[in-house]
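One structure below.
Bear in mind these aren't lab numbers, they're just calculated from the coordinates by the rules spelled out. These figures come from a predicted structure and were not determined experimentally. Here Cβ is always computed from backbone atoms with ideal geometry, including for glycine, and neighbour counts include all displayed protein chains.
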Amino acid sequence: MNDKIDHYLYHRIIPDLLNSQKDSFNNKRPDALEKNFKPIKKLDVRTFLQLVMDTQTEDIDKIVRDYIDTGYSACQIVEQLLCECARELGEKWCSDDSSITEVSIGMVSLHKVLRDLDESLAEELGGAKPDQSILLITLSQDMHLFGAAVLESFFRNSGWHVRVEHNRSASSIVEDITNTDFSIVGISVNQTRHIDLCKNAITKIRQHSKNRDTKIIVGGFPFIIDDELCEQVGADAIAYDATAALHVAESFLRKVA
């Protein structure tokens with residue numbers, strides 16, 4: 001059971017950059033994303049989740065369109081609906097309410113909805129940021145990578161050049177950051193036993209980064225329960241979710257400018 005709980009904590013499908021940060025940056029949502037903000041009800045999330053698990057494509061598409069037509073932003077739909085569905089899928093698997101096959105089918109459906117929202121996300125988040133690039137890293141193998149997909153989508157649709165690397169070791173990261181000038185590196189850590197790997201990776205990044213001003217944002221389950229780990233691993237900030245990660249990253253850039 002302990003292995004399964006640890007596995008669930010690792011695979012808990014939430015945006016990979018989480019909680020609070022340091023250096024006077026906060027996880028406030030950008031103003032554009034606060035406009036007309038209203039929460040999606042928990043019951044609605046569960047109704048949508050059942051459609052996702054049953055792969056009811058037409059019904060799924062209709063609900064998403066209805067949300068947009070009634071004033072919900074694509075960002076809200078992703079973070080309040082899709083990410084919450086992903087989190088509940090993880091809970092269903094952990095509690096043995098759903099098989100890994102059922103969870104995987106549900107995740108495929110969520111990835112499709114995320115892709116379908118790409119144009120709307122681009123309209124909401126779009127903005128030219130010439131030569132600003134971010135490297136998103138997961139340090140250990142994941143099953144679904146939905147949180148990383150959300151981050152990639154939000155940054156890309158905000159005008160960033162995004163590179164995503166999964167299951168990376170510290171030594172392989174060195175090649176990435178030595179050859180490419182990244183403004184931001186985001187590292188996801190979803191098991192407490194990988195904190196040392198994260199610290200080692202950050203040390204390597206500091207030593208070998210082509211851009212000596214590269215800022216490092218971390219996130220994942222361990223940082224939810226202990227935000228002091230941010231300083232311990234040598235990162236510059238923690239972010240709460242995808243929109244907060246954008247805000248923190250852009251705050252770093254404004255500070256440099």
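Per-structure values
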item: Computed over segment 29-124: relative contact order in percent, which uses C-alpha pairs under 8 Å that are six or more apart; result: 36 percent
item: Normalised per residue, the volume of the convex hull around the Cα set of segment 153-208 (Å³); result: 85 Å³
item: Relative contact order (percent, whole number), segment 128-256, Cα cutoff 8 Å, 6+ residue spacing; result: 24 percent
item: Loop-located trypsin sites (Lys or Arg not before Pro) in segment 169-256, at most 12 other Cβ atoms within 10 Å (DSSP); result: Lys210, Arg212
item: Of every Cα-Cα pair in segment 128-256, the percent that sits beyond 20 Å; result: 37 percent
item: Cleavage-rule hits (GluC sites (Glu not before Pro)) in segment 169-254: DSSP loop, at most 10 neighbouring Cβ within 10 angstrom; result: Glu228
item: Violating pairs (Cα-Cα greater than 26 angstrom) within the set Lys92/Lys215; Lys41/Lys62; Lys38/Lys62; Lys41/Lys255; Lys92/Lys199; Lys42/Lys92; result: Lys92/Lys215; Lys41/Lys255; Lys92/Lys199
